[in-house]
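Here's the structure we're looking at; comments come further down.
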Amino acid sequence: MAGHKGARRAVGAVLAGATALLGAAAAPAGATGGAGQGLCADGVTAVAGVTVEGDAWVDGAVCDLTDVVVTGDLTVYGDRQVTLTGVTVGGDLGAKGLVTLTGSTVQGGILASAASLVVQDSHVWHSVRGYADTATVSGSVVDGAVNVRAKDLTVELSTVGGWANLIASQQAEVAWSTFGRGLTSKGAGELWLCGSDVAADVAVRGLANPGRVGATTAAAGNACSTASLPADHARAGLADAERDAVNVGGWLVVEHNLGAVTLASATVAGNLSCASNWGAVDFVGATVAGLSTGQCWA
């Protein structure tokens, strides 16, 4: 943590001519805090290679930020369409509208209330939390938690240091990822969970549609499609069951699900607990070191 604070303090000075390139803008209605800088003001749709000391916000409806450094917080207000490529944010990112990060670093956390949030090949030092119609974390590292509610929610090829609480009303896809703590998936949507390692407990709750743990598909566009696994991934050369397995370091809890839940390939270091499920629970693919209880009692 001390290294993170030191790095945040070290984010650099304003480049020459930055103010002219950005276009000065007054803070939008509802903005709080002290002085800051509006980006993509006065019809500008792209800003590259500048540093903003302090906080910033996106002023234009469409804004592409490339190799930009903001030493404080960056806020995207309203119905903005914003892409951040190679951007460093020294504080937090507040994301509304359609926000896509690629190859970027957020030294704080991300708070979303967005139509679309995409975190691609990026590093978030704290947590990702909030709501989006669609939310994707792909090829990224999140040092903190991921607490997100969405219609469609995907975490793939990523590392999450904290607990992941994923609430999806339509579909959640969790693939080829590592979780430093636990994982909770709940909501009315369908669940695909495959090829992942979870250090603590996994809970699957409240599904109205089918849930699949340790299963892959040939369907294009699904994070648990075998086609989505890179050839150089550590699981790529394994037998199907090992490749697809969800390895749980604690308990696996399956409860209060209307939809059927299939444990196709799972290894559980603790107990397997299945209770109050209206849908069937197929646990034949689970290898359990502890006890199997409730509807999974064998």
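Find the residue count for region 72-85, including only residues that are out of contact with any Lys or Arg (no Cβ under 8 Å at 6 or more places or on another chain) and either farther than 19 Å from ALA115 by Cα or surrounded by fewer than 22 Cβ atoms within 10 Å (Cβ to Cβ) (or both).
Selection size over region 72-85: 5.
Does region 102-121 contain at least one residue that is modelled with pLDDT of 95 or more and of a type in the set (D, E, K, R)?
yes
Of everything in region 233-249 that's under 22 Å from the mean Cα position of the chain (by Cα) and part of a loop (DSSP other than H, G, I, E, B), which residue is surrounded by the fewest Cβ atoms within 10 Å (Cβ to Cβ)?
Filtering region 233-249 for residues that are under 22 Å from the mean Cα position of the chain (by Cα) and part of a loop (DSSP other than H, G, I, E, B), the one surrounded by the fewest Cβ atoms within 10 Å (Cβ to Cβ) comes out as ALA234.
Would you check if there is a residue in region 43-57 being of a type outside the set (Phe, Trp, Tyr), more than 16 Å from the chain's Cα centre (by Cα), closer than 24 Å to ALA135 by Cβ and surrounded by fewer than 21 Cβ atoms within 10 Å (Cβ to Cβ)?
Among the residues of region 43-57, not one is of a type outside the set (Phe, Trp, Tyr), more than 16 Å from the chain's Cα centre (by Cα), closer than 24 Å to ALA135 by Cβ and surrounded by fewer than 21 Cβ atoms within 10 Å (Cβ to Cβ), which makes the answer no.
Does ALA135 meet the test of being more than 27 Å from ALA46 (Cα to Cα), crowded, with 24+ Cβ neighbours inside 10 Å and under 11 Å from the mean Cα position of the chain (by Cα)?
Taking the combined requirement at face value, the residue does not satisfy it.
Condition first: within 19 Å of ALA168 (Cβ to Cβ), in contact (Cβ under 8 Å) with a residue 24 or more places away in the chain and not hydrophobic (A, V, I, L, M, F, W, C). Now tell me which residues in region 244-298 satisfy that.
GLU255, HIS256, ASN257, GLY259, THR262, GLY279
The values are calculated or read from the model by the stated rules, or taken from the named source; none is laboratory data. Please read these numbers as outputs of a predicted model, since none were measured by experiment. Reconstructed Cβ throughout: ideal geometry from the backbone, glycine too, with neighbour counts over all protein chains shown.
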